[in-house]
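The next block holds one structure in the form of structure tokens; read it before the comments.
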Amino acid sequence: MPLTQRQREVLHEMGIPLWVRRGSIRGDTMASVSHTRSEPEGAPQAGAPVPEGLSAVASPSVAELDWDALRTRVAGCVACTELASRRTQTVFGVGDRDADWLFIGEAPGAEEDRRGEPFVGRAGQLLDNMLAALDLARGENVYIANILKCRPPGNRDPRPDEMAACRPFLDRQIALIAPRVVVALGRVAAQALLASEAPLGRLRGGDHTYGGIPLVVTYHPAYLLRSPAEKAKAWNDLLRARKLMLRS
Ligand code: SF4
């Protein structure tokens with residue numbers, strides 16, 4: 001699908017060079033672009049042993065919640081004691097509840113914790129530019145969420161028990177949205193969603209699904225800010241996601 005003028009401008013602003021072939025710009029092949037299961041009350045806390053017979057994902061009550069009840073449940077969740085005691089607020093997710101595209105990052109940072117929205121600040125701006133390059137926009141056919149809904153202190157990596165504790169919330173969001181494509185942003189999100197310890201370089205480019213939904217792995221925008229030379233690969237990942245979207 002040819003890129004629009006606006007998409008070309010956005011890619012140029014991002015520092016993504018475009019190769020021209022046969023008088024046209026082909027975004028699909030030629031563009032090169034140079035980052036918690038719970039119940040609020042009575043639930044096992046992160047770090048506590050999971051009772052035998054209880055899956056980290058299976059949480060029938062969360063799986064039955066509607067959007068408003070889910071948001072309320074998340075806001076009151078204290079399953080991860082350390083995270084809950086230090087957060088300003090939970091960061092639920094943002095966007096179109098009927099979106100075809102679901103972007104999943106790692107966890108809120110300091111700015112996200114303050115504002116209550118995922119992917120704000122410089123990394124968020126880059127994500128917005130990546131969305132614009134796909135002719136998408138935050139909130140329009142796009143939903144953005146994180147593996148964790150509370151900020152890990154000092155921006156440390158989420159712990160496995162925290163990710164397991166928060167997963168039913170994300171899984172319920174995915175079930176309610178029913179996206180056509182999931183994009184995992186960064187190593188932590190990719191490894192968590194794919195239950196893999198493989199490095200990001202191995203997960204990128206693979207044919208993955210999550211709950212039967214095509215899943216594409218790419219870099220976290222915060223990493224791309226530090227390593228702009230990798231933007232080309234990220235752009236190719238997004239183009240592959242778009243192809244999957246068109247096929248689905
Ligand atoms: Fe609850 Fe998730 Fe926050 Fe942990 S990270 S306290 S499971 S909302």
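Taking the conditions exactly as written (out of contact with any Pro (no Cβ under 9 Å at 6 or more places or on another chain), at pLDDT below 95 and more than 30 Å from K243 (Cβ to Cβ)), does Q7 satisfy them or not?
It is false that Q7 is out of contact with any Pro (no Cβ under 9 Å at 6 or more places or on another chain), at pLDDT below 95 and more than 30 Å from K243 (Cβ to Cβ).
Yes or no: region 218-236 includes at least one residue that is assigned to a strand (DSSP E or B) and under 16 Å from I144 (Cα atoms).
yes
List every residue pair whose Cβ atoms sit under 7 Å apart, with the two residues 6 or more apart in sequence or on different chains, where the first one lies in region 227-248 and is over 17 Å from L131 (Cβ atoms) and the second, anywhere, is part of a helix (DSSP H, G or I) and of a type in the set (S, T, N, Q).
none
Within region 89-97, is even one residue more than 20 Å from the chain's Cα centre (by Cα), farther than 23 Å from A190 by Cβ and within 12 Å of the ligand (Cβ to nearest atom)?
Checked region 89-97: no residue is more than 20 Å from the chain's Cα centre (by Cα), farther than 23 Å from A190 by Cβ and within 12 Å of the ligand (Cβ to nearest atom).
Report the residue count in region 131-152 for those that are part of a helix (DSSP H, G or I) and at pLDDT below 95.
So the count comes out to 1.
The values are calculated or read from the model by the stated rules, or taken from the named source; none is laboratory data. Model, not experiment: these values are computed from the prediction. For neighbour counting, all protein chains shown are included, and Cβ atoms are generated from backbone atoms with ideal geometry for every residue, glycine included.
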